[in-house]
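Participant: Dropping the structure in here first, questions after.
No lab work stands behind these numbers, since they all come straight from the coordinates. Since the structure is predicted, the reported quantities are computational estimates derived from the model, not experimental observations. Every residue, glycine as well, gets a Cβ built from its backbone with ideal geometry; the counts of neighbours run over all protein chains shown.
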Amino acid sequence: MSNHQTVNEILVRLFANVLDIEEKCLKTGEFSDLSINEMHVIDNIGINRERTMSDTARDLRITSGTLTTAVDNLIKKGYVVRERSVEDRRVVKIRLTEKGTAAYFAHENFHKDLVLSALQKLNKEEEELLIKVLSNIDVFFHNKYKF
């Protein structure tokens, strides 16, 4: 197998595994009523701030319609509040509720635990090399696909 094929298989498998692990943890936890996509919307909104719908859709690389559907569901579930801007009624802002903030921190802790588990068998040099390699891949994708 060529290096290209090996890297491709590893990246595809890693991405799928992280999403699968995340989905399984979500379905068994306190926030089992959320989908992964909804959790990523919550993560993008962030805590202690308001976001516009258009900025959030752009950052998530989804359409405004797709975000509207997700936000409608999150509002029904009590995670998000949506309001029109007082300054410009055309602008719609969203923010997390207390329940949304709790979900945000749970998601953040999930990722911290995931990374700590992945790094626990590496020594300092291996960690630094992994960071360098992943950073290079990240920069490559960013430059190639303009993320």
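Participant: Which residue, chosen from 139, 40, 78, occupies the Cα position most advanced towards the positive end of the dipole of the range 33-145, where the dipole is computed from +1 (Lys, Arg) and -1 (Asp, Glu) charges on Cβ about the Cα centre?
Facilitator: Projecting each Cα onto the dipole axis, the largest value belongs to 78.
Participant: Right, here's the next one. For the chain, what is the calculated [θ] at 222 nm in deg cm²/dmol (nearest 500), taking -39500 (n - 2.57) for each run of four or more DSSP H residues and dividing by its residue count? Write out the running numbers ahead of the final one.
Facilitator: Details: 6 runs with 102 residues, N = 147.
The helix-only estimate for the chain comes to -23500 deg cm²/dmol at 222 nm.
Participant: GNM, the chain, Cα, under 10 Å: largest mean-square fluctuation among 135, 117, 35?
Facilitator: So, out of 135, 117, 35, the one fluctuating most is 135.
Participant: Tabulate in residue order the Karplus-calculated ³J(HN,Hα) for the range 121-130, using 6.51 cos²θ - 1.76 cosθ + 1.60 with θ = phi - 60°, rounded to whole Hz; enter x for Gly and Pro.
Facilitator: Those phi angles translate into 8, 9, 7, 4, 5, 5, 4, 5, 5, 4 Hz.
Participant: Would you kindly derive the ³J(HN,Hα) couplings of the range 104-112 from the backbone phi angles with the Karplus curve 6.51 cos²θ - 1.76 cosθ + 1.60 (θ = phi - 60°), listing them in order in whole Hz, with x for Gly and Pro?
Facilitator: So the J values, rounded to whole Hz, are 4, 5, 5, 5, 4, 5, 4, 5, 4.
Participant: Whole-Hz ³J(HN,Hα) for each residue in the range 63-72, computed from phi via Karplus 6.51 cos²θ - 1.76 cosθ + 1.60 with θ = phi - 60°, x for glycine and proline: what do you get?
Facilitator: Working through the residues one at a time gives 6, 4, x, 5, 5, 4, 4, 5, 5, 4 Hz.
Participant: Counting other beta carbons within 10 Å of each Cβ, put 61, 82, 51 in order, fewest first.
Facilitator: On the way: 61 8, 82 14, 51 19.
Taking fewest neighbouring Cβ atoms as first place, the list is 61, 82, 51.
Participant: Still on this structure, please answer the following. Over what distance in Å are the Cα centres of the range 30-73 and the range 74-147 separated?
Facilitator: 11 Å
Participant: What residue among 130, 119, 74 has the largest mean-square fluctuation in a Gaussian network model of the chain, using Cα springs under 10 Å?
Facilitator: Greatest mean-square fluctuation among the candidates belongs to 130.
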